[in-house]
Number of protein chains: 2
Amino acid sequence: MESVSFLSTLVVVWLAARLAAEAMQRLGQTAVLGELLAGIIIGPAALALAHPSEGLEALAAIGINILLLEIGLESDLDDLLRSGLQSMVVALLGVISPFFLGFALTRWWGLPALTSVFVGATLTATSIGITARVLADLGRIQDPAAKVILGAAVIDDVLGLVVLSVVTGLVQRGEMSIMAVAILLVKAAVFLVLAVVGGVRLAPTFVRWVDRMQVRGSLIVYAVLACTLLAVLAEGGGLAGLIGAFAAGLVLAKTERRAHIEERLRPVADLFVPIFFVNLGMKVDLAQLHPFAPHGGLVFALMLTLVAVAAKLVAGLGVYTSEVGRWRVGVGLIPRGEVGMVFAGVGLGAAVLSPDLYAAVVVMIMLTTFIAPIWLKRLYGDPDSHERGQASSEAPAPSDGETRTPGASGD
Amino acid sequence: MESVSFLSTLVVVWLAARLAAEAMQRLGQTAVLGELLAGIIIGPAALALAHPSEGLEALAAIGINILLLEIGLESDLDDLLRSGLQSMVVALLGVISPFFLGFALTRWWGLPALTSVFVGATLTATSIGITARVLADLGRIQDPAAKVILGAAVIDDVLGLVVLSVVTGLVQRGEMSIMAVAILLVKAAVFLVLAVVGGVRLAPTFVRWVDRMQVRGSLIVYAVLACTLLAVLAEGGGLAGLIGAFAAGLVLAKTERRAHIEERLRPVADLFVPIFFVNLGMKVDLAQLHPFAPHGGLVFALMLTLVAVAAKLVAGLGVYTSEVGRWRVGVGLIPRGEVGMVFAGVGLGAAVLSPDLYAAVVVMIMLTTFIAPIWLKRLYGDPDSHERGQASSEAPAPSDGETRTPGASGD
């Protein structure tokens, strides 16, 4: 059976992901970073212990949909709608400023408009998981700045997916015009509103129907089925499939079975989400970043990182409430994490990002994800404060090693 | 992204599997039967709504390993060792009689020796899940006959996997000799003993190490990792990979975290095990069974079914305890279910079974799985007795539709 070689790859992928994630988490970093590194190391460009395959792509596709479903399940729609003008202003600035700065840098660097739009879009992402994790570690999740950051990050998730949908549509058409952007923007907004409004209306009937099923595990299978179906529908409409998976999560979060679904989804996410990140890491060839690379290699990667950091600090300027620290908000929005990787993966798959640009974008994502926790801890005072020590090292390890905060899903 | 077509296939597979499984379960049949039927119907030979792909194979491979891990977790090693001479005698007869009768029929029918060995091996399987489910429905799980059946079925699982390993090894070598059989038999036995004895010794250290991990979901990922690793090792040694997955389950069942692992594994099994059966169903082309087919088509399928039924009734003759009904035991061992499908799938993959023989074997498996519950209920009296009515229709549906008995995993 040919399945052996696939299963051995899986053993390598899972083991490398787990060990690297564990190492990163112990260093005060996030699991995502470890999983990406694991992918780079075991991938064909380095040790060549594992190679991308159709089977791995299939598992990665399931993984990323499950991750978006989880993020949707954890986002409270009501909270989102009344998260306040302050978060909304920060979120809008946090999308607009990175998009235009990223686009400008890439265009100035001499790259095509479509590629520049994609790089700009990748810079808009905010990884709520990483910041939430750090704030929880610091015991500051109730801080006024934390509320603004988390509110803005959730809105960013939505805006980011809309941007991704628009950009995906542009890539499919292969052309860029104000008209095309406008149509895709309307399409994405209509899809999201229809899916969520329609979904929230239908969900109670759906859940009652599923509850009548007698075969084991109906709830989890139908939940994942709904998520996959919405992803396929979104993609069929020329949008990013992930917006569908996210909408499914938002809708299921409004049902009475939310906690149940989240609980059953967790082991599935634990198994398949890391495969997505390892698989993306495997496609990174760091050798592409030598300084004489066609697009400037590491030089471009570092400039991109600088712009990525600066653009989110600009978003912090949107803070007008006096008790909220502008720096804390700006720095809190810096990590691109898993959401950025989703953009990068789509860009590579659609050949809008060449291998060297992909490597540069991944380096930017990893650096922002690496810098933010360290910087945030500095802004909040001593990183080895009493609280943190208690939260992560002195407390006995919980039974299943589950020290993740609810918001830190999949990273 | 090409992942769309894969995700749409997945939607079709999951939906068809769920609906068919639910329908079968309500008809007093088992979910496996529904999943196989779903595969036949949506497959390329019928409606062509879904096609086999590398991605689907990958998910099926994970599914079947998870199923074997679950079966292993549910088998108590101590119970197995002291399940009594009575079960042991029945189990041995229940393996030997179908193997030789199946081999004899197929050989007499003019097929090659290797194919005949494979068909014989497929007949040895017993699906513990299906009989356990029926006995639980009837409220007769404590019946003396039930204990013998369940004990024998578990031993059959082990013997069946050893037989599968030997047969897989023979197929790989492409030759058949008493010597080769003896070597493979010893190899399989040594592997099983080494994996289980070594595993039971190492397991506590392993579980303690995993418990110290901080990344979310370490236990479930390392459990599945161990299962996949043992499967790869078994396959690397020329045995059936599934024997490794099963051994991992037996070992983990002996640790203090057994219940925890089982609970986390359940949603993963609910999602991926049905894909294995649908995928096998998709490969069945019933049109191959027309009476003028090269190997006799439906005629051979029905003769095979007769032999399959008769051979397990012979095993019932191994009952020497007076209070245990011979018929009940014999009929209880008839369903081939998921274990038989594993054999058939390996045979098709290795090209030992031609498409028409594969179709005939699947028909045999489905018929035995279909007949046994009806027959067993007759032997135990009125199928619509008070007890059964209460167990399956009057009682309010449990929250997650989980009416399956623990033993009925994945079917």
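The values are calculated or read from the model by the stated rules, or taken from the named source; none is laboratory data. Being a predicted model, the structure only gives us computed values, none of them experimental. Here Cβ is always computed from backbone atoms with ideal geometry, including for glycine, and neighbour counts include all displayed protein chains.
Filtering segment B:233-246 to residues that are within 19 Å of the chain's Cα centre (by Cα) and surrounded by fewer than 24 Cβ atoms within 10 Å (Cβ to Cβ) leaves only B:Glu235. Checking each residue in segment A:204-261 for being among the basic types (Lys, Arg) and assigned to a loop (DSSP other than H, G, I, E, B) picks out A:Arg212, A:Arg216, A:Lys254, A:Arg257.
Yes/no matrix, rows are residues, columns are (1) aromatic (Phe, Trp, Tyr); (2) in contact with a Gly (Cβ under 8 Å, 6 or more places away or on another chain); (3) closer than 30 Å to B:Leu67 by Cα; (4) within 10 Å of chain A (Cβ to nearest Cβ):
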| residue | (1), (2), (3), (4) |
| --- | --- |
| B:Glu262 | no, no, yes, no |
| B:Leu265 | no, no, yes, yes |
| B:Val273 | no, yes, yes, yes |
| B:Met282 | no, yes, yes, no |
| B:Leu286 | no, no, yes, no |
| B:Pro294 | no, no, no, no |
| B:Ala301 | no, no, yes, no |
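With the structure loaded, tell me whether B:Val134 is modelled with pLDDT under 80, over 18 Å from B:Ala310 (Cα atoms) and in contact with a helix residue (DSSP H, G or I) (Cβ under 7 Å, 6 or more places away or on another chain) or whether it fails that test. Considered against the rule, which asks whether it is modelled with pLDDT under 80, over 18 Å from B:Ala310 (Cα atoms) and in contact with a helix residue (DSSP H, G or I) (Cβ under 7 Å, 6 or more places away or on another chain), B:Val134 comes out as yes. Of everything listed in (1) under 19 Å from the mean Cα position of the chain (by Cα); (2) over 23 Å from A:Leu265 (Cα atoms); (3) touching a residue at least 60 places away in the same chain (Cβ under 8 Å); (4) away from chain A (no Cβ under 11 Å), the single unmet condition for B:Gly249 is (2).
Yes/no per residue for (1) among the hydrophobic types (A, V, I, L, M, F, W, C); (2) under 30 Å from A:Leu229 (Cβ atoms):
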| residue | (1), (2) |
| --- | --- |
| A:Pro52 | no, yes |
| A:Ile71 | yes, yes |
| A:Met88 | yes, no |
| A:Phe100 | yes, no |
| A:Trp108 | yes, no |
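Within segment A:208-246, the set of residues being within 11 Å of chain B (Cβ to nearest Cβ) and of a type in the set (Val, Ile, Thr) comprises A:Val210, A:Val215, A:Ile220, A:Val221, A:Val224, A:Thr228, A:Val232. For the structure I just gave you, tell me whether A:Ala45 is among the small types (Gly, Ala, Ser), surrounded by fewer than 20 Cβ atoms within 10 Å (Cβ to Cβ) and within 26 Å of A:Phe272 (Cβ to Cβ). Spelling it out, A:Ala45 is indeed among the small types (Gly, Ala, Ser), surrounded by fewer than 20 Cβ atoms within 10 Å (Cβ to Cβ) and within 26 Å of A:Phe272 (Cβ to Cβ). Per the conditions (1) closer than 30 Å to A:Ala259 by Cβ; (2) surrounded by 20 or more Cβ atoms within 10 Å (Cβ to Cβ), the sole criterion not satisfied by A:Ile141 is (2). The set of residues in segment A:1-60 that are more than 7 Å from every other protein chain (Cβ to nearest Cβ), assigned to a loop (DSSP other than H, G, I, E, B) and of a type in the set (A, V, I, L, M, F, W, C) comprises A:Leu27, A:Ala45, A:Ala46, A:Leu47, A:Ala48, A:Leu49, A:Ala50.
Somewhere in segment A:61-83, is a residue outside any loop (DSSP other than H, G, I, E, B), of a type in the set (D, E, K, R), closer than 30 Å to B:Phe272 by Cα and modelled with pLDDT under 90? The answer is yes, given that some residue of segment A:61-83 is outside any loop (DSSP other than H, G, I, E, B), of a type in the set (D, E, K, R), closer than 30 Å to B:Phe272 by Cα and modelled with pLDDT under 90. Taking the conditions exactly as written (more than 24 Å from A:Val171 (Cβ to Cβ) and without any contact (Cβ under 8 Å) to a residue 12 or more places away in the chain), does A:Arg258 satisfy them or not? Spelling it out, it is not the case that A:Arg258 is more than 24 Å from A:Val171 (Cβ to Cβ) and without any contact (Cβ under 8 Å) to a residue 12 or more places away in the chain. With respect to (1) outside any loop (DSSP other than H, G, I, E, B); (2) farther than 23 Å from B:Gly160 by Cα; (3) more than 14 Å from every other protein chain (Cβ to nearest Cβ), the lone exception for B:Thr122 is condition (2).
I'd like to check something: does segment A:78-93 contain any residue that is over 23 Å from A:Gly332 (Cα atoms), away from every other protein chain (no Cβ under 12 Å) and of a type in the set (A, V, I, L, M, F, W, C)? Explain how you work it out, then say what you get.
First, the residues of segment A:78-93 that are over 23 Å from A:Gly332 (Cα atoms): none.
Taking every residue of segment A:78-93 in turn, none turns out to be over 23 Å from A:Gly332 (Cα atoms), away from every other protein chain (no Cβ under 12 Å) and of a type in the set (A, V, I, L, M, F, W, C).
Pull up segment B:107-116, narrow it to residues that are assigned to a helix (DSSP H, G or I) and without any contact (Cβ under 8 Å) to a residue 24 or more places away in the chain, then point me to the one that is surrounded by the fewest Cβ atoms within 10 Å (Cβ to Cβ). Ranking the qualifying residues of segment B:107-116, first place goes to B:Trp108.
For segment A:332-364, a residue qualifies if it is away from chain B (no Cβ under 14 Å), part of a helix (DSSP H, G or I) and surrounded by fewer than 24 Cβ atoms within 10 Å (Cβ to Cβ), and the qualifying residues are A:Pro355, A:Asp356, A:Tyr358, A:Val363.
For A:Leu194, are the conditions met, namely being in a helix (DSSP H, G or I), over 19 Å from the mean Cα position of the chain (by Cα) and away from chain B (no Cβ under 13 Å)?
On the way: in a helix (DSSP H, G or I): yes; over 19 Å from the mean Cα position of the chain (by Cα): yes; away from chain B (no Cβ under 13 Å): yes.
When the stated conditions are applied, A:Leu194 passes them.
All conditions in (1) touching an Asp or Glu at 6+ places or on another chain (Cβ under 8 Å); (2) surrounded by 22 or more Cβ atoms within 10 Å (Cβ to Cβ) hold for B:Gly102, with the sole exception of (1). When A:Asn279 is tested against (1) assigned to a loop (DSSP other than H, G, I, E, B); (2) buried (at least 23 other Cβ atoms within 10 Å of the Cβ); (3) among the polar types (S, T, N, Q), just one condition goes unmet, and that condition is (1).
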